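The values are calculated or read from the model by the stated rules, or taken from the named source; none is laboratory data. Predicted, not measured: the structure shown is a model, and the values here were computed from it. For neighbour counting, all protein chains shown are included, and Cβ atoms are generated from backbone atoms with ideal geometry for every residue, glycine included.
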Number of protein chains: 2
Amino acid sequence: MNHIEIIGLVAATCTTSAFVPQVYKAWRYKSTKDVSLSMYLVIVLGTILWFIYGVYHNSISIMLANGITVVLAFLVVLLKIQHK
Amino acid sequence: MNHIEIIGLVAATCTTSAFVPQVYKAWRYKSTKDVSLSMYLVIVLGTILWFIYGVYHNSISIMLANGITVVLAFLVVLLKIQHK
């Protein structure tokens, strides 16, 4: 794997795993007042579309990265609704 | 442009513009306690790497989407630091 693809892999890992600390913070402190619900609804929609895009392009990395992000973003939506 | 690329364009628009409501909320209410700083630092790092990836691949859409997201995510970092 050349260094450009390694950059892409690290980038995908960052932009996917980045949501974990927000899920943890919302779950741990049960407080989401400052978190934007509309942001996460649009992220869920966008990552579902990216997932479909990945299916059409047979791209495992696009499917994997966006499949994980959909779940994480949806968890923030649930936590946001639960802890207005 | 075929319908798959339209899906990709809409997906990119969603996952880029999604950060605008969070920037607005943090700026408008001057409150970011519930927002995860580490999430946005990792998003900034990841989108910079995606931007570099886009430069290597000569992909205007990857550069544009991630260039905008870097700015938006960095604004959230500044607002987070300003309004602990």
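Could you list all residues from region A:1-15 that are more than 8 Å from chain B (Cβ to nearest Cβ) and either surrounded by 15 or more Cβ atoms within 10 Å (Cβ to Cβ) or under 16 Å from the mean Cα position of the chain (by Cα) (or both)?
Kept after step one, since they are more than 8 Å from chain B (Cβ to nearest Cβ), are these residues of region A:1-15: A:1-3, A:5-6, A:9.
A:9 - this is the single residue of region A:1-15 that is more than 8 Å from chain B (Cβ to nearest Cβ) and either surrounded by 15 or more Cβ atoms within 10 Å (Cβ to Cβ) or under 16 Å from the mean Cα position of the chain (by Cα) (or both).
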Looking at (1) at negative phi; (2) of a type outside the set (Asp, Glu); (3) out of contact with any Leu (no Cβ under 9 Å at 6 or more places or on another chain), find the lone condition where residue B:27 falls short.
(3)
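Taking residue B:38 as the residue in question, decide whether it is closer than 18 Å to residue A:21 by Cα and facing chain A (nearest Cβ under 9 Å). Spell out the reasoning first.
Details: closer than 18 Å to residue A:21 by Cα: yes; facing chain A (nearest Cβ under 9 Å): yes.
Here the answer is yes, as residue B:38 does meet what is asked.
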Against the conditions (1) under 21 Å from residue A:50 (Cβ atoms); (2) assigned to a helix (DSSP H, G or I), where does residue B:24 fall short? Just the number, please.
(1)
Read through the list (1) without any contact (Cβ under 8 Å) to a residue 40 or more places away in the chain; (2) within 11 Å of chain A (Cβ to nearest Cβ), then give the number of the only condition that residue B:67 fails.
(2)
Go through region A:35-84 and count every residue that is at pLDDT 95 or above and outside any helix (DSSP H, G or I).
2
Just for region B:41-64: of the residues that are within 8 Å of chain A (Cβ to nearest Cβ) and over 21 Å from residue A:72 (Cβ atoms), which one is surrounded by the fewest Cβ atoms within 10 Å (Cβ to Cβ)?
B:57
